[in-house]
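Accompanying notes for the structure given below.
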Amino acid sequence: MLSFKSSTRTIPDIARVPRHVAIIMDGNGRWAKKHFLPRFTGHSRGVETVREAVRYCLDRGIGYLTLFAFSSENWRRPAEEVSLLMQLFAKALMQEVSRLKANGVRLRVIGDPARFDAQLQALIREAERTTAANDRLTLTIAANYGGRWDILQAVNRMAVERPEKQGRWTEDDLTPYLAMNHAPEPDLFIRTGGEERISNFLLWQLAYAEFYFTETLWPEFDATAFDQAVASYQRRERRFGRISEQLAAGEGDAATDECQLHA
Ligand code: IPE
Ligand code: IPE
Ligand code: MG
């Protein structure tokens with residue numbers, strides 16, 4: 001398996017275009033309310049925005065797009081809304097897979113699938129299987145995902161499979177077990193809908209991501225809004241613990257620049 005560098009162990013190579021964008025797609029309900037429509041219509045419009053965001057990444061050469069679709073806490077919503085969201089997810093999988101395939105998109109779904117019904121689980125497996133060889137864009141959908149769940153399931157599996165290293169486990173031992181082991185760490189994190197919180201999304205993987213919050217509601221997050229987020233990202237100075245003067249001098253870019261404090 002391809003392994004990706006850790007931002008806390010090696011200073012990553014930074015490109016002008018973010019390599020990996022992770023988004024909390026929030027604000028569907030408020031969008032619907034604003035337009036006097038049922039919440040579900042907001043979620044349907046949200047799926048259209050997903051399509052646009054995928055197009056955007058394909059056009060701009062962004063290689064990884066990760067979208068938070070349903071959190072491990074979203075089961076707390078009214079049963080009717082949860083059920084409609086599950087139906088919408090199944091429908092989107094059925095309708096979009098051929099298009100994803102045609103566009104070179106590899107689909108991955110992260111989260112605990114156990115709580116989904118058998119049909120949805122089968123659709124997920126099939127969509128992942130049929131797009132597995134694509135490499136233009138990796139689209140990861142986080143569904144029944146929680147950052148704490150992710151870290152715990154990884155630790156538990158590592159502890160079972162690598163018992164001999166107990167007390168000496170390192171990042172490199174753990175990361176292959178994390179749900180995002182198929183992607184580099186996100187460069188840019190976007191949350192639409194005005195809230196400024198992480199809501200148990202990629203807790204481990206966002207260690208050095210640049211955060212961008214916008215009031216724009218997800219159904220209105222178009223290419224112009226995405227451009228603004230990327231432009232904001234491009235104005236950031238990503239120091240990874242260093243000072244500006246070191247960046248100007250090009251110091252610490254060597255792949256060998258390992259942090260000393262790691263076990
Ligand atoms: C995000 O939109 C989609 C999901 C969490 C499934 P919301 O449904 O949270 O929209 P708001 O926050 O109520 O506007
Ligand atoms: C976060 O949105 C999860 C998704 C977008 C899937 P929520 O709308 O559920 O987040 P909170 O509850 O406002 O933090
Ligand atoms: Mg919300």
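Each value in this text was obtained by applying a stated rule to the coordinates, not by laboratory testing. Bear in mind the structure is a predicted one, so any value in this text is a computation, not a measurement. We place every Cβ from the backbone using ideal geometry, glycine too, and count neighbours over all the protein chains shown.
A Förster distance of 51 Å, applied to the separation of the beta-carbon atoms of T130 and S244, puts the FRET efficiency at 0.60.
The GNM of the chain, with springs linking C-alpha atoms under 10 angstrom apart, assigns the highest mean-square fluctuation among T66, T216, T140 to T216. Note on the chain: GNM, Cα springs under 10 Å; of Q121, Q87, Q246, the largest mean-square fluctuation is that of Q246.
Rounded to the nearest 20 debye, the dipole size of the chain about its Cα centre is 580 debye, using +1 on the Cβ of Lys and Arg and -1 on the Cβ of Asp and Glu.
Between Q205, S7, W31, whose Cα lies farthest towards the positive end of the dipole of the chain when Lys and Arg beta carbons carry +1 and Asp and Glu beta carbons carry -1, centred on the Cα centre? Result: W31, furthest along the dipole toward the positive end. Projected label points at K33 and Q87, each 7 Å from Cα along the beta carbon direction, are separated by 2.3 nanometres.
The charge dipole of the range 116-234, taken about its Cα centre with unit charges on the Cβ atoms of Lys, Arg (+1), Asp and Glu (-1) only, comes to about 480 debye. The Cα atoms of the chain cover 54, 44, 35 Å along the three principal axes, with the biggest extent listed first.
Taking a straight Cα-Cα cut-off under 24 Å and skipping sequence neighbours fewer than 8 places away in the same chain, the lysines within cross-link reach of K5 are K165. With unit charges on the beta carbon (Lys/Arg positive, Asp/Glu negative), name the residue among W149, A133, M86 whose Cα is farthest towards the positive pole of the charge dipole of the range 66-163. Of the listed residues, the answer is A133.
Comparing mean-square fluctuations of P186, P176, P38 from a GNM of the chain with C-alpha springs under 10 Å, the top value falls on P38. Within the straight-line cut-off of under 20 Å between alpha carbons, the lysines reachable from K101 are K91, sequence neighbours fewer than 8 places apart in one chain being disregarded.
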